[in-house]
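J.: Let me begin by handing over the structure; questions about it come next.
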Amino acid sequence: MPYTKEIVEELNILVRYNLATTQEGIKVHKTAAPETIEATHRLFKKGLVTQEDGGYLTNLGLETAKQAQMVLDILTPA
C-alpha cells in the first residue's frame with residue numbers, strides 16, 4: 001500500500017519534533033496551511049500528540065517519530 005498524501009503530511013509533522021528531548025513540543029498556529037492543521041489534528045486523534053494543535057509527542061508518537069526520522073535519513077541523499 002503506497003503512502004497517501006495524508007500520511008505524508010502526518011509524517012512531515014512528526015519529523016519536525018526534536019527527538020533529543022521530550023520537553024520540547026510544537027504549536028501549529030491557525031494561520032498554518034490547512035493541510036498542516038488537518039494532519040496535526042489527525043495525529044492527535046490517533047494518540048500520537050497531546051494537543052489538537054501539536055503539543056508534545058505521546059510515547060507512541062515518540063516511537064513513530066523516531067521511525068519516521070529514520071526512514072527520512074535513509075532515503076535522503078547524503
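The values are calculated or read from the model by the stated rules, or taken from the named source; none is laboratory data. Nothing here was measured: the structure is a model prediction, and the numbers come from that model. Cβ sites come from the backbone with ideal geometry, for glycine too, and all protein chains shown count toward neighbours. All accessible areas refer to the heavy atoms of the entire protein, side chains included, with ligands and DNA or RNA removed. Shrake-Rupley method; radii C 1.70, N 1.55, O 1.52, S 1.80 Å.
J.: Can you confirm whether I74 is modelled with pLDDT of 95 or more, open to solvent by less than 60 Å² (accessible area, probe 1.4 Å) and in a helix (DSSP H, G or I)?
T.: Taking the combined requirement at face value, the residue does not satisfy it.
J.: In the stretch 1-45, which residues are hydrophobic (A, V, I, L, M, F, W, C), surrounded by 15 or more Cβ atoms within 10 Å (Cβ to Cβ) and not in a loop (DSSP other than H, G, I, E, B)?
T.: L11, I13, L14, I26, I37, A39, L43, F44 - these are the residues of the stretch 1-45 that are hydrophobic (A, V, I, L, M, F, W, C), surrounded by 15 or more Cβ atoms within 10 Å (Cβ to Cβ) and not in a loop (DSSP other than H, G, I, E, B).
J.: Hey, can you tell me all the residues within the stretch 46-64 that are open to solvent by less than 70 Å² (accessible area, probe 1.4 Å) and not in a helix (DSSP H, G or I)?
T.: Passing the criteria: G47, L48, V49, T50, D53, G54, G55, L57, T58.
J.: What pairs come up if the first residue lies in the stretch 44-56 and is more than 17 Å from A32 (Cβ to Cβ), the second is open to solvent by 60 Å² or more (accessible area, probe 1.4 Å) and assigned to a strand (DSSP E or B), and their beta carbons are under 8 Å apart, counting only those six or more places apart or on different chains?
T.: T50/Y56
J.: Oh, and also: Going through L62, L57, L75 one at a time, which residue ends up being over 11 Å from the mean Cα position of the chain (by Cα) and of a type outside the set (V, I, T)?
T.: L75
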